[in-house]
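Trainee: Below you'll find the structure I mean.
Readers should treat all values here as calculations from the given coordinates under stated rules, not as data from a laboratory. Not measured: the values here are computed from a predicted model. In this analysis, Cβ positions are derived from the backbone assuming ideal geometry, glycine residues included, and neighbour counts consider all displayed protein chains.
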Amino acid sequence: MFDAVTEAPRSATGLRIAAGNDTLGLRALTHLLRSYERVLNARPLQIGNLEFLLDLLESARVLAEALLERASPAERANLGLDRIAGLVAGQTAPTSAEAAGAIVTLLDDALEELERVRLADLVLQSPLPELDADYDAVHVVFGCGIGLGDELTYYRFLRRLARHTSPRRLTVHTLYCNVWRSLIPGVREVSYRKRPLRPFEQVAHPGDGPELVVVADFEFYDIGGRVVPRRDERDVLEISLGECGAWLRRAGSDWTTNERFPPRPFKSYYAFLTALGDRLFGEADSPAWAPVVPPTQGPRAATERLVVVNPLSSKPLPLEPDDWARVLTGVHARLPGRRLRARVYPGLHPVNREFTERLCRLASRRSPGLAAGLLDPPDRELSPWLALPALREALEPADLCLTLDTFTAHFAPLLGVPTVVVAYLENREFWVPSPWVFYVVLRDVQQTVPPLVSYLLHGGQASVAARELVLATDAALPEGLNEESTGLITSRLAAVLPRLGPRFPYGVDGRRWLRLWSRLERAVQKEPPDQQALLHYLARWQQSEFFKLVALPVRVEAG
């Protein structure tokens, strides 16, 4: 009853709000606003990403305004929409999370009233079917709850989707700016920053032929089911990165197929998207991660090293400018006779710029030969539209990226740049399975980061022993571990350790790994288990910082 109108009004944003039971009907708008407020309530959005938080608040206000314009006076009164809109209008950055909790409760009450006669979905818990390849159009809508780093986690999945259909048929709708055009040539990118209704302008109307709408977010917000309308020739797929699951509703079907992907051998969001792609595209794809640009051979200049630094994050900032300056001076002290240039990402808000300017002043003042400056385009400051292109331009000649566990931890490796990531916790499900990404947990920063970064900046050639260790590991991956492969890895590791030298930052870890592999070798000889049962040892070994650092020159040589 609440969706019955005779004419589609125009909102203050200039977008015509669809009439009847359409994408931007009252129920859909209410549900969309609820998803924004859920993000504001639950997602950690701190000073390091203040610009993004302010954008979400502006988008919520746009949706609340559209909701009031869409509703009749009776609906506004019955659903409490004026009170909801007032609370949304009063949200500020410091109060956003607490206010959002109250707003979500009111929106839940409104949706309960709106959906009293809505029929329950018919859900099948079973493997997802393979997607068609002949869609005339494919829309990927990244939701408001996904950070840029998590969105970049979808890179390989989107590349496979473009290959499965065609890049020219693919439109990516994102909260961010200038992300996908350069990563997947041929795709169309639409930013809906501060324009939350924009992704639904096109999907509100049927195309001329079969189409696919993919909604991708960190959680399931059911945008595909509650906001994207059903069409006779439209398939809808919704993906939750955090829940490692997806559901698909085929055109013309009453059934929704839902599948969760268990961790194998341990939880990894990259591995989940690889498994999901294998299911949907009808072919296996290995490995789970690959760069846009392969790494280059060694440092790129003889007398100077260039490091790109990002000390900012959506989460609480764990390191002050003085801490970062100490890290950079510690790195420079281990590079005798070489200059160190650090280009620091300043963020998009004046508060972040002040933080990073202080970092640069402290680092440059403490160490002659260390020059730290902000990563700005010529003659202007960063803006949301310029941020990623400027960052990519800075990374292309860089020898290394040093970053908090944020979007640059995903972006820099895609460009072939060795990356050292300061991780808040050992939450490996988020970590990039790249051979040239090295994670250091927060408690070990001052002890581990300077020697690790300086070791990477020195460069080096792969030894014969390292090549043999990498070959032994790679050979074991397809089949799992048995007596022969376990013994081979153990002997090759024993040969590598004496050749690493005193500068190698993970020597202690290497000796621990040798003890573990020796025990595994003896245990497998005595009582051989199922090979698949040992895969988690092999996976942890391959992703260990020790093995990645030993293997890096080998991987770079191999391209």
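Trainee: In the range 393-433, which GluC sites (Glu not before Pro) are in a loop and have at most 14 other Cβ atoms within 10 Å, using DSSP for the loop call?
Mentor: The qualifying sites are Glu426.
Trainee: Dipole of the range 464-558, Cα-centred, from +1 at each Lys and Arg C-beta and -1 at each Asp and Glu C-beta, to the nearest 20 debye?
Mentor: 520 debye
Trainee: Another question about this same structure. Taking amide hydrogens as modeled 1.01 Å from N in the peptide plane, which residues meet the under 5 Å criterion relative to His173, leaving out close sequence neighbours?
Mentor: Those qualifying (amide H under 5 Å, at least 5 residues apart or on another chain) are Val140, Val141, Phe142, Val190.
Trainee: List the aspartates and glutamates whose Cα sits under 13 Å from the Cα of Lys548, skipping any in the same chain fewer than 8 residues away.
Mentor: List returned: Asp474, Asp509.
Trainee: A follow-up question, please. Going through the range 364-435, which trypsin sites (Lys or Arg not before Pro) have at most 16 other Cβ atoms within 10 Å and a DSSP loop state?
Mentor: Numbers: sites: Arg365, Arg366, Arg380, Arg392, Arg428; in loops: Arg380.
Passing both the DSSP loop test and the Cβ count: Arg380.
Trainee: Using Cβ contacts closer than 10 Å as the measure, can you line up Ile223, Ile184 from fewest to most?
Mentor: Details: Ile223 24, Ile184 19.
With the fewest neighbours first, Ile223, Ile184 line up as Ile184, Ile223.
Trainee: Got a sec? Charge dipole of the range 53-151, +1 on Cβ for Lys and Arg, -1 for Asp and Glu; which of Pro94, Pro129, Val117 is way out at the positive end?
Mentor: Final value for the positive-end residue is Pro94.
Trainee: Take the chain, mark every one of the chymotrypsin sites (Phe, Trp or Tyr not before Pro) that falls in a DSSP loop and has at most 13 other Cβ within 10 Å, then report the longest stretch left between them, sites excluded. Spell out each step's value before the answer.
Mentor: Numbers: sites that count: Phe266, Trp385.
Here the longest segment lacking exposed loop sites spans 1-265.
Trainee: Normalised by the residues of the range 408-538, what does the relative contact order come to in percent, with Cα pairs under 8 Å and at least six apart?
Mentor: Normalised by residue count, the contact order of the range 408-538 is 22 percent.
Trainee: Lys315: which lysines have alpha carbons under 24 Å from its alpha carbon, excluding same-chain residues fewer than 8 sequence positions away?
Mentor: Straight-line reach from Lys315, under 24 Å: Lys194, Lys267.
Trainee: Let me know the charge dipole size of the chain about its Cα centre in debye, to the nearest 20, where only the beta-carbon of Lys, Arg (+1) and Asp, Glu (-1) is charged. Each step should come with its number before you reach the end.
Mentor: On the way: 65 positive and 68 negative charges, 460 e Å.
Result for the chain is approximately 2220 debye, rounded to the nearest 20.
Trainee: Run lengths n ≥ 4 of DSSP H only: what is the helix-derived mean residue ellipticity at 222 nm for the chain, with -39500 (n - 2.57) per run over all residues, to the nearest 500?
Mentor: On the way: 20 runs with 240 residues, N = 559.
Result for the chain, helices only: -13500 deg cm²/dmol.
Trainee: Fewest first, what order do Lys526, Lys315, Lys267 take by the number of other Cβ atoms within 10 Å?
Mentor: Ascending Cβ contact count within 10 Å gives the list Lys526, Lys267, Lys315.
Trainee: Still on this model: Below 8 Å, C-alpha to C-alpha, sequence gap of six or more: please give me the relative contact order for the chain in percent.
Mentor: Reported as a whole number, the value is 12 percent.
Trainee: Under 16 Å from the Cα of Lys526, which aspartates and glutamates turn up, not counting those fewer than eight places away in the same chain?
Mentor: Glu483, Glu484
Trainee: I've got another one for you. Using DSSP to call loops (not H, G, I, E or B), can you name the trypsin sites (Lys or Arg not before Pro) in the range 312-351 whose Cβ has at most 14 other Cβ atoms within 10 angstrom?
Mentor: On the way: sites: Arg326, Arg334, Arg338, Arg339, Arg341, Arg343; in loops: Arg334, Arg338.
Passing sites in the range 312-351 do not exist.
Trainee: I need Leu241, Leu374 ordered by Cβ neighbour count within 10 Å, fewest first.
Mentor: Values: Leu241 25, Leu374 17.
Taking fewest neighbouring Cβ atoms as first place, the list is Leu374, Leu241.
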